[in-house]
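The values are calculated or read from the model by the stated rules, or taken from the named source; none is laboratory data. Keep in mind that this is a model prediction, so the values were computed, not measured. Here the Cβ is made from the backbone with ideal geometry for all residues, glycine too, and neighbour counts use every protein chain on show.
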Amino acid sequence: MINSPHSPLNRSPRILLVDDNHYGNAGRKTLLEQRGYDVDTSTSGEEALLLIDQQRYDVVVTDFKMGGMSGTELIAQLRAAETASALILLSGFAGCMGLTEENCGADAVLCKSNKEEEQLCRTVRLLLSRRTKKKPAVSEKRLRSSIARTV
């Protein structure tokens, strides 16, 4: 078989960005596309689930706080469906809310900050190199309980 630039063997990793903030999605999309990734965006968890049903993504990056479905709810649904995607939770409140990989089911939790771009690119690269499955997320009830204990 000829290894053409359009064959599945040479495809760029696909990333789905989920954030109800259009400007955040646009900035991250530009950043990741400049690094050679194919990037789609979604403004809600519900829309993200529809896209994931139609397309395989290597990485899903979701904001924590969105209207409708939260990022942790999206992650829980993706884990329950046993998606092969690596999952990154992005939040401006990660530290103060006690969000960790263990209590939200993500492969990585990143805090929105002035170092976000560097951390996001490094984490995407790392997760793509690992390509292992994560255990199912804890329930939303256990997550709320865990967060309440740390506050």
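What the table below lists for this structure:
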item	result
Qualifying residue in the stretch 48-60 (condition: part of a strand (DSSP E or B) and at pLDDT 95 or above)	yes
Condition met for Gly92 (of a type outside the set (A, V, I, L, M, F, W, C) and under 14 Å from the mean Cα position of the chain (by Cα))	no
Candidate set from the stretch 78-108 (those that are modelled with pLDDT of 75 or more and of a type in the set (Asp, Glu)); member that is nearest to Leu128 (Cα to Cα)	Asp107
All positions within the stretch 76-88 that are touching an Asp or Glu at 6+ places or on another chain (Cβ under 9 Å) and in a helix (DSSP H, G or I)	Ala76
Cβ pairs under 8 Å, 6+ apart, first in the stretch 6-25 and at positive phi and modelled with pLDDT of 90 or more, second aromatic (Phe, Trp, Tyr) and in a loop (DSSP other than H, G, I, E, B)	none
